[in-house]
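Asks: Pasting a structure below so you can have a look.
The values are calculated or read from the model by the stated rules, or taken from the named source; none is laboratory data. Remember, it's a predicted structure, so these values are computed and weren't measured experimentally. So basically every Cβ, Gly included, is an ideal-geometry build from the backbone, and we count neighbours across all protein chains shown.
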Amino acid sequence: MCGLTIVFDYSGTLSLEAVAFGKSDALERQLHLSGLADFGVASPDIFWNTIVNPTWEKGSRTPIGYRRLMVDKISEELTARRKDSSLADLDRAAGIFVGQYFSHSPIDPSWRPLLRELYNHPRITNVVATDHYAEATEAIKDQFRDMQMKAVSLPAGGGAKVRDKIGSASVTTDSKSCFFVANSADLGYHKDEEEFWVRVREETGWTPGDRLLLVDDFGANEIGGDLYGQEARVAKRWQGTKDLLTKVFAGRVEVVPFVLSGDETSGNGEAHLLIGKIAVSIRESLREGGCPHV
C-alpha cells in the first residue's frame with residue numbers, strides 16, 4: 001500500500017472566513033475600527049491598490065510580516081513631523097487590523113472531522129501549504145492547537161530535517177500525527193515555484209512510492225480587489241503548480257480544485273458539499289488500500 005501526502009491550501013480552502021474578511025463592507029469596517037482609516041487607508045480600493053498589492057511579493061517571500069509592511073508603506077506618505085508623533089499609533093492600528101484578520105481566518109468547521117481522521121492515519125502525511133505573510137504560520141499552528149493537534153512549520157533550509165526534530169520531540173517514529181505548515185514567507189518561495197515543493201518533499205519524509213494529493217483553490221475564491229485572485233493568474237497558477245508537482249513528486253500526483261461558484265445565497269452549503277465529496281473519496285480509497293481519486 002502506498003503512502004499518501006495530502007496538501008491543503010489555507011486561505012480560500014481550509015479557511016473560508018479569511019476570504020470573507022476581505023469583502024468590501026467587512027474590510028471597510030475593519031479599516032475604521034482598527035484606526036487605519038485615520039492614516040488615509042479608509043477604503044478597500046486604497047487598501048488593495050496602495051498597501052497590499054504593491055507589497056505582496058515582499059510580504060509573501062520574507063519574514064518581515066504583514067504588520068511591519070503595512071506600517072512601512074503607510075508611513076511613506078506621512079510628513080516627517082507626523083511620522084515622529086504618530087508612528088506608535090500607526091503601529092498600534094496595524095497590529096489591531098492584522099490581529100483581526102487572523103482571528104477571522106479559522107479553519108472552517110466543515111473540514112474539522114476529516115482533518116481529525118487524517119491526523120492519526122498511519123499512512124498519511126498532512127501538509128498545509130500557503131502563500132502568505134509571516135504571521136500566518138503561528139496563526140495556523142494555533143488553529144491546530146485549538147483542535148488538540150500538533151503542527152510544525154517547515155524551515156527555509158539547512159539544519160536537521162523537521163521530521164527528525166519531531167521524532168526527537170517524543171512523537172513516535174511510526175506516527176504521522178502532525179500537520180506540517182509550509183508558508184511561502186518562511187521558505188522564500190511561492191507555491192508556483194519548484195523550490196517550494198522541493199522543500200516540502202525533503203522535509204516531510206516523502207518517498208518515491210508515495211502519492212500526493214493537493215486540495216487548493218489556486219486563489220479562485222479570493223475577492224475581486226486582490227490581484228492574487230485574478231482569473232488569468234488563477235489559471236496560470238493551477239497549471240503551473242500541477243506541472244511542478246508532477247516533476248517534483250515523480251508524477252504520482254493528483255490535484256483537486258476547491259473552487260466555489262461565488263453564489264452567496266448558498267451560504268456555506270456549497271463549500272460543505274464539496275468538502276464532503278472530497279472526504280468521502282479519501283475515506284473510501286483508504287479503506288480499499290489504494291490512493292484517492294477525487
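Asks: Restricting attention to segment 9-20, does a residue exist that is under 22 Å from residue 219 (Cα atoms), of a type in the set (Phe, Trp, Tyr), at pLDDT 95 or above and not assigned by TED's automatic domain parsing to the domain that holds residue 201?
Replies: No.
Asks: Then there's this: Among the residues in segment 70-87, are any in contact with a Gly (Cβ under 8 Å, 6 or more places away or on another chain), under 30 Å from residue 272 (Cα atoms) and of a type outside the set (Asp, Glu)?
Replies: no
Asks: When the residues of segment 31-60 are filtered to those that are within 18 Å of the chain's Cα centre (by Cα) and not aromatic (Phe, Trp, Tyr), which remaining residue is surrounded by the fewest Cβ atoms within 10 Å (Cβ to Cβ)?
Replies: Filtering first and then ranking leaves 57.
Asks: Now for a separate question. Would you pick out the residues in segment 73-118 that are without any contact (Cβ under 8 Å) to a residue 12 or more places away in the chain and not aliphatic (A, V, I, L, M)?
Replies: Matches in segment 73-118: 76, 79, 81, 82, 83, 84, 85, 99, 103, 109.
Asks: Which of the residues that make up segment 34-57 are outside any helix (DSSP H, G or I) and not aliphatic (A, V, I, L, M)? Talk me through it step by step, then tell me what you get.
Replies: Restricting attention to segment 34-57, the residues satisfying the condition of being outside any helix (DSSP H, G or I) are 35, 40-43.
Answer for segment 34-57, where residues must be outside any helix (DSSP H, G or I) and not aliphatic (A, V, I, L, M): 35, 40, 43.
Asks: Let me ask you something else. Looking at segment 105-113, can you tell me whether even one residue there is assigned to a loop (DSSP other than H, G, I, E, B), closer than 17 Å to residue 133 by Cα and hydroxyl-bearing (Ser, Thr, Tyr)?
Replies: There is at least one residue in segment 105-113 that is assigned to a loop (DSSP other than H, G, I, E, B), closer than 17 Å to residue 133 by Cα and hydroxyl-bearing (Ser, Thr, Tyr).
Asks: One residue is enough: does segment 258-267 have a residue meeting the conditions modelled with pLDDT of 90 or more and either under 26 Å from residue 113 (Cβ atoms) or assigned to a helix (DSSP H, G or I) (or both)?
Replies: Yes: segment 258-267 contains one or more residues that are modelled with pLDDT of 90 or more and either under 26 Å from residue 113 (Cβ atoms) or assigned to a helix (DSSP H, G or I) (or both).
Asks: Also: Counting only residues that are modelled with pLDDT under 95, of a type in the set (Lys, Arg) and in a helix (DSSP H, G or I), how many does segment 183-240 have?
Replies: 3
Asks: Tell me which residues, restricted to segment 61-81, are surrounded by 14 or more Cβ atoms within 10 Å (Cβ to Cβ) and among the basic types (Lys, Arg).
Replies: Matches in segment 61-81: 61, 67, 68, 73.
Asks: Determine, yes or no, whether residue 67 is modelled with pLDDT of 95 or more and out of contact with any helix residue (DSSP H, G or I) (no Cβ under 9 Å at 6 or more places or on another chain).
Replies: Criteria not met by residue 67.
Asks: Just need a number here: residues in segment 170-182 that are modelled with pLDDT under 95 and among the aliphatic types (A, V, I, L, M).
Replies: The total comes to 1.
Asks: Moving on. Which numbered condition trips up residue 95, out of (1) within 28 Å of residue 149 (Cβ to Cβ); (2) outside the structural domain of residue 190 (by TED's automatic domain parsing); (3) within 18 Å of the chain's Cα centre (by Cα)?
Replies: (3)
Asks: Can you confirm whether residue 52 is under 27 Å from residue 219 (Cβ atoms) and out of contact with any helix residue (DSSP H, G or I) (no Cβ under 6 Å at 6 or more places or on another chain)?
Replies: yes
Asks: While we're looking at this one, here's another question. On the basis of being over 20 Å from residue 207 (Cβ atoms), assigned by TED's automatic domain parsing to the domain that holds residue 111 and modelled with pLDDT of 85 or more, does residue 270 make the cut?
Replies: Details: over 20 Å from residue 207 (Cβ atoms): yes; assigned by TED's automatic domain parsing to the domain that holds residue 111: yes; modelled with pLDDT of 85 or more: yes.
The answer is yes for residue 270.
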